[in-house]
Amino acid sequence: MQTVSVSHVAKSFGTTHAVVDVSFDTERGEIFGLMGPNGAGKTTTIRMMLDIFRPDRGTVSILGGPMTEEKKNRIGYMPEERGLYQDIPLERCLLYLASLKGLSPAQARTRLATLLERFELAAHRGKKVKELSKGMQQKAQIINTILHQPELVIIDEPFTALDPINTQLVKDLMRELREQGATILMSTHQMRQVEELCDRILLIDDGRDVLYGELDKIRRRAAQSSNAILVRTAGELPAVAGVERVSPHNDAVRLTLAHGTAPQQVLAALMAQGAILEKFEIAIPTLDEIFIRVVKEGQRPEPAEGQRPEPAEEKVL
């Protein structure tokens, strides 16, 4: 089931084209990564999804159709700009915000007590929000986003101000929500977290979607065009024709191959020289490397069949 379906949306503000052409779908029970450089159009796209902005062109379907007031109670949204009331106690703030999502006082108190304990905020429930550290406020924002058990969670930069322990706590929570059937759309610049968590991604640049699909398939397609291999030998690595650059890579050596040189040629040359190979594999690029290639160098892997939504008839709303 598609939780979100965005088809060829566009949005301008005066002469500024914030979003030019963006399409993607999210499925029930997945973590979806929305990525892009600053100013690429991610926030505007999210606001069109939530009906904060109306698209100039294109269509948006949320939880099976147009946004309604009822559906808003089935969505948890944490924007990058934080929205907790600063001058009231934490517990009172979160209980009030839960009531706006339709929770009864008893439901809210029971769920909140569990989450405050889990996020190690129970001892701080009586403090004013402004008295909490940035990390504590970030955890409180996350609690507010999920307290009403939403079907769709849209979360912008969830790991800001979190130490490694609390980062892991949030990652565990996101995996649990996915297992329970929730859809999580995560926007972040932290590529390592995307690699660990996301099933599929969309990369937006200059208001257009430029890379979309399953993360593992994207990385493997990028590996085909990167033409690099990882090698570890017992003893000195022999020189091989067709290798442009040799650089250390964790417990191995990365060989960047010249255009037209196939990994099989390098393997054959190493074997011919009697090299004892302990490791030989195609180098799979990191998401950081793919991001740089696509955004700064204009390179992108060839899309696999079914990875890009088919163009739909444009509709002016």
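If you check L147, L197, L169 for being surrounded by fewer than 19 Cβ atoms within 10 Å (Cβ to Cβ), more than 20 Å from T44 (Cα to Cα) and touching a residue at least 40 places away in the same chain (Cβ under 8 Å), only one passes: L169. Among residues of the range 64-77 that are free of Cβ contacts under 8 Å to residues at least 40 places away in the same chain, those with a beta-carbon under 6 Å from a residue that is surrounded by fewer than 17 Cβ atoms within 10 Å (Cβ to Cβ) and part of a loop (DSSP other than H, G, I, E, B) at least six positions away or on a different chain give the pairs M67/D51.
In the set R54, R92, only one residue is charged (D, E, K, R), assigned by TED's automatic domain parsing to the domain that holds L169 and farther than 30 Å from F13 by Cβ; that residue is R92. Applying a threshold of 8 Å to beta carbon distances and a minimum spacing of six or more residues, or different chains, the list of pairs starting in the range 32-49 at a residue that is touching a residue at least 60 places away in the same chain (Cβ under 8 Å) and in the same structural domain as D156 (by TED's automatic domain parsing) and ending at one that is of a type in the set (D, E, K, R) and part of a helix (DSSP H, G or I) reads L34/K42; M35/K42; G36/K42. Residue pairs, Cβ under 6 Å, 6 or more apart or interchain, first in the range 99-115 and at negative phi, second modelled with pLDDT of 95 or more and of a type outside the set (S, T, Y). List them. Every condition considered, the pairs that remain are K101/H148; L103/H148; A108/L95; A108/A98; R111/L147; L112/L94; L115/I143. I need a count of the residues in the range 1-18 that are assigned to a strand (DSSP E or B), under 22 Å from M186 (Cβ atoms) and under 21 Å from the mean Cα position of the chain (by Cα). Result for the range 1-18: 8. Of the residues making up the range 19-45, those that are outside any loop (DSSP other than H, G, I, E, B) and crowded, with 22+ Cβ neighbours inside 10 Å number 12.
The values are calculated or read from the model by the stated rules, or taken from the named source; none is laboratory data. No experiment lies behind these values; they were computed from the predicted model shown. Cβ: placed from backbone, ideal geometry, glycine included. Neighbour counts: every protein chain shown.
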